[in-house]
Every structure is written in C-alpha cells, then in structure tokens.
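Trainee: Below are the structure tokens for one structure; questions will follow.
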Amino acid sequence: MYVDFLCAKIDISIMKKDSVLVKFGNKVRQLRNEKGWSQEELSFKSGFHRTYIGMVERAERNISLKNIARIAKTFNVEIQDLFTNKK
C-alpha cells in the first residue's frame, strides 16, 4: 500500500514494525518489569544508554546478536529465553 506524502509515494508496509523485533522488545520489557527495574536501571546494569533500551522495547532498533547476549547476561538468562514465552 502506498501513501502520498509531500508529493512522494511511500510504501507504508516498510514502516510496519517487524514482528520478531516486537516480540523481542516485549520480552525485554516483561523481564525488566518482573525484576522491578526501570529502563534506567536496566541501562545501568547492562551498560546501554537508557534511550537504547526504550528503542529496543518499542521495536525501533534491530538489535545485534552481541547486544542480545549482553541483555541475556544482564537478566541472567540464556539467549534463547529471550525468544520464548517461558518464564
């Protein structure tokens, strides 16, 4: 589907968030909330900037495998646990 935007056609399908990023971000938010941490606390513990954590949770960043590993280590879980619905 295309939308005219300032005389340019933009494919809005590319603007939709990738479902794997949404699911991953939701899992990070879930684990953070279970620990009772704010985004700022998670950023301090993981070494990422607070805004980066927010962008990951909102599926605005395509996070690298190295950063996924850092987040898993921060939560003391295995990497695969960030991609499952198990607690």
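Just so you know, all these numbers are worked out from the coordinates, no wet-lab data involved. Worth saying up front: this structure is predicted, and the values here are computed from it rather than measured. Counting neighbours? That spans all protein chains shown, and the Cβs are built from the backbone with ideal geometry, glycine included.
Trainee: Using C-alpha positions alone, give me the convex hull volume of region 17-83 per residue in cubic angstrom.
Mentor: Given the Cα convex hull of region 17-83, per-residue volume reads 70 Å³.
Trainee: 7 Å from Cα along Cα→Cβ at both Glu78 and Lys35: what's the point-to-point distance in nm?
Mentor: A separation of 1.9 nm, rounded to one decimal place.
Trainee: Something else now. Which GluC sites (Glu not before Pro) from region 13-87 combine a DSSP loop assignment with at most 16 other Cβ atoms within 10 Å?
Mentor: Glu60, Glu78
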